[in-house]
Amino acid sequence: MPDLVHNLHAVLERIALAAQLAGRDPRSVALLAVSKTFPAEDVRAAHAAGQRMFGENYVQESLTKIDALADLRASLEWHFIGPLQSNKTRPVAENFDWVHSVDRLKIAQRLAEQRPAHLPPLNVCLQVNVSGEASKAGVTPVEAADAAHAIAALPQLRLRGLMSIPEPAETIEAQRAPHRQLRELFERLRADGLELDTLSIGMSGDLEAAVLEGATIVRVGTAIFGARDYSH
Ligand SMILES: *Cc1c(COP(=O)(O)O)cnc(C)c1O
């Protein structure tokens, strides 16, 4: 647990250094702490240390955690970042503040229909498969403009920007290339009239590359909470 607070500060320091290198205000990069597989108590400890945005991948696990942390609900944000099946959209529409992993129009339409009217619009990002791998979710860069315009027109959703999960790469240059492609797409969509402010890129291994390419949210799990154990 003390490790967690130490790790959190180390990650914030990495973000600040990368921002400085990029000539950016460190406050223009938000840290999303990815708490999947870790218990509610770890989220509570990170919250006590000042962290406010948390990311989850699995619907059932996240609902248990959101419930266990209901007393903190007004002072934290829940971001859904995992693959989303269309039969699981309702609890996500009802319980989250953001969804980063909207990878097709049908998912956005369901979230829009199911977002309760008494809640503010659900913030969403369109997931783009920049590298074009068949195994990865997301629209292709070619499909992105039509999908983004269609999603932006839906009620009860607010399209904030783009998200991607590129293949891991060793060198910072190799890490930057797909992030740069996503940023260029982001800029084209903005020039095209979409009011986007979010580029959700960068994880524990490549957050510096992402900040250098304009990330506004980095999604960091391992570097804060430690290695994940999927055995149970
Ligand atoms: C798990 C996950 C992360 C965090 O990855 P780390 O390498 O542990 O920092 C970020 N984004 C998504 C979409 C994830 O599923």
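The values are calculated or read from the model by the stated rules, or taken from the named source; none is laboratory data. Bear in mind the structure is a predicted one, so any value in this text is a computation, not a measurement. Cβ sites come from the backbone with ideal geometry, for glycine too, and all protein chains shown count toward neighbours. Ligands, DNA and RNA are stripped out before the accessible areas are found, and what is left, the full protein with its side chains, is counted by its heavy atoms. Shrake-Rupley method; radii C 1.70, N 1.55, O 1.52, S 1.80 Å.
Tabulated results
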quantity: Some residue of region 17-34 being part of a helix (DSSP H, G or I) and within 14 Å of the ligand (Cβ to nearest atom); calculated: no
quantity: Cβ-Cβ under 7 Å pairs, at least 6 apart or on other chains, region 1-20 side free of Cβ contacts under 8 Å to residues at least 24 places away in the same chain, far side open to solvent by less than 50 Å² (accessible area, probe 1.4 Å); calculated: Leu12/Leu31
quantity: Candidates Gln114, Gln181, Gln156 - the one that is among the polar types (S, T, N, Q), open to solvent by 30 Å² or more (accessible area, probe 1.4 Å) and within 20 Å of Leu84 (Cα to Cα); calculated: Gln156
quantity: Elements of type helices (runs of 4 or more DSSP H) in region 140-232, at least 1 residues being more than 14 Å from the chain's Cα centre (by Cα) and away from the ligand (no atom under 16 Å from the Cβ); calculated: 141-152, 172-191, 207-212
quantity: Residues being buried (at least 16 other Cβ atoms within 10 Å of the Cβ) and either closer than 22 Å to Gly161 by Cα or not charged (D, E, K, R) (or both) - total across region 64-83; calculated: 9
quantity: Residue in region 38-55 that is buried (at least 16 other Cβ atoms within 10 Å of the Cβ), closer than 25 Å to Leu212 by Cα and of a type in the set (Val, Ile, Thr) present; calculated: no
quantity: Search result, residues across region 55-81 that are within 16 Å of the ligand (Cβ to nearest atom) and hydroxyl-bearing (Ser, Thr, Tyr); calculated: Tyr58, Ser62
quantity: Pairs where the first residue, in region 137-148, is more than 17 Å from Ser86 (Cα to Cα) and the second is open to solvent by 50 Å² or more (accessible area, probe 1.4 Å), C-beta under 8 Å, 6+ apart; calculated: Thr140/Gly132; Pro141/Gln181; Ala145/Arg188; Ala145/Asp192
